[in-house]
Structures are given as C-alpha cells and as structure tokens.
1. Could we say that residue 21 is modelled with pLDDT of 95 or more and more than 19 Å from residue 154 (Cβ to Cβ) here?
2. Can you name every residue in segment 137-149 that is over 16 Å from the mean Cα position of the chain (by Cα), surrounded by 14 or more Cβ atoms within 10 Å (Cβ to Cβ) and over 11 Å from residue 70 (Cα atoms)?
3. In the list 134, 127, which residue meets the criterion of being surrounded by fewer than 18 Cβ atoms within 10 Å (Cβ to Cβ) and either within 23 Å of residue 8 (Cβ to Cβ) or out of contact with any helix residue (DSSP H, G or I) (no Cβ under 7 Å at 6 or more places or on another chain) (or both)?
4. I need the full set of residues from segment 1-23 which are under 14 Å from residue 63 (Cβ atoms) and assigned to a strand (DSSP E or B), in order please.
5. Within segment 54-79, track down each residue that is more than 24 Å from residue 157 (Cα to Cα), free of Cβ contacts under 8 Å to residues at least 40 places away in the same chain and buried (at least 16 other Cβ atoms within 10 Å of the Cβ).
6. Scan segment 58-79 residue by residue and report those that are closer than 23 Å to residue 129 by Cβ and modelled with pLDDT under 95.
7. What do you reckon, is residue 101 surrounded by fewer than 16 Cβ atoms within 10 Å (Cβ to Cβ), touching a strand residue (DSSP E or B) at 6+ places or on another chain (Cβ under 8 Å) and within 22 Å of residue 22 (Cβ to Cβ)?
8. Within the group 143, 82, 124, which residue is within 29 Å of residue 57 (Cβ to Cβ) and touching a residue at least 12 places away in the same chain (Cβ under 8 Å)?
C-alpha cells in the first residue's frame, strides 16, 4: 500500500544554487507556493548537501521547472552529491546549460523563478527555506512537465 505522500504525482524541480565553488543543481519535489501577495515559495533542502551549503551562504537561487527533456539528467542531479561531484562541469560537457538574468540555468525548462532567501528553519532531515519571488519567466513551448510518476516509471525513484 502506498504511503499518502507517495500518492501525489507532483512537479519535479531543480534548484540552481551558487557558491564560491560555482554552480550546483539538484532535484526537488518538496516545493510549494505559499503566498500570493507577496508571491512566496517554500522549499525543503536535504541536509548535508551542496545545495544547503550554497543556500546558507548566498541570498539567491533559481527554481527551475523541469520538463521531460531533463529526464536523462535526473540521476546526476538527484543521485550524485555536489559535495563530491562537479555537476557544473558535467552539465557543461553535456551542453545542458544556458544563462538567465545573469545566472547559469538548465536549457529547456518550462519556467524559471529567481528566488531571494527570506528565512530558514530546521525541518527534520531537511532545512525549510522561505523565499520571495523576484523575477520569473514561463516559456511558450515548454514541453511536458517532468513529474514524479515519470521518475517512478524509469525506476529512478520508488514509492
């Protein structure tokens, strides 16, 4: 029997974070819009990760809404640690990077949101961040949104 939190076929995101050692990206599903005015998002970031380290030392990140075009990148973004693996180098070699508002991002996203960190608090094995939306862009031909069930079907995650 499925656990209740595994019944949802939610959007898969990547949070691009920036630090002294460069760019890091991950995959995320613990993301939610939490306010309309001002527009705010929350995102839970896994403990002991490069993403968490970068967010603790910077004020901005880019939330990337992934599409099916990104399916082949998920194992690297989600299963390899940025603490021991250079994801920026890998993504560069794959020709997967672009730039938006001065920030390196993945090509072929369905939408992008520039986030400014407001606060954070411990939340079990994740740190919960609250962000203000500073800028955003959606794309006319975004492709199909990458969802959790796509990852389940490819045995990248299990329920």
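1. Details: modelled with pLDDT of 95 or more: no; more than 19 Å from residue 154 (Cβ to Cβ): yes.
Considered against the rule, which asks whether it is modelled with pLDDT of 95 or more and more than 19 Å from residue 154 (Cβ to Cβ), residue 21 comes out as no.
2. Filtering segment 137-149 for residues over 16 Å from the mean Cα position of the chain (by Cα) gives 139-144, 149.
Those still in the list that are surrounded by 14 or more Cβ atoms within 10 Å (Cβ to Cβ) too: 142-143, 149.
Scanning segment 137-149 gives 142, 149.
3. Working: 127 fails: surrounded by fewer than 18 Cβ atoms within 10 Å (Cβ to Cβ).
Answer to the check: 134.
4. The answer is 11, 13, 14, 15, 16, 17, 18.
5. Within segment 54-79, just 54 meets the criteria.
6. Across segment 58-79, the qualifying residues are 78, 79.
7. Working: surrounded by fewer than 16 Cβ atoms within 10 Å (Cβ to Cβ): yes; touching a strand residue (DSSP E or B) at 6+ places or on another chain (Cβ under 8 Å): yes; within 22 Å of residue 22 (Cβ to Cβ): yes.
When the stated conditions are applied, residue 101 passes them.
8. Working: 143 fails: within 29 Å of residue 57 (Cβ to Cβ); 124 fails: touching a residue at least 12 places away in the same chain (Cβ under 8 Å).
Just a single option satisfies the conditions, and that option is 82.
The values are calculated or read from the model by the stated rules, or taken from the named source; none is laboratory data. Keep in mind that this is a model prediction, so the values were computed, not measured. Backbone-built Cβ (ideal geometry, glycine too); neighbour counts: all protein chains shown.
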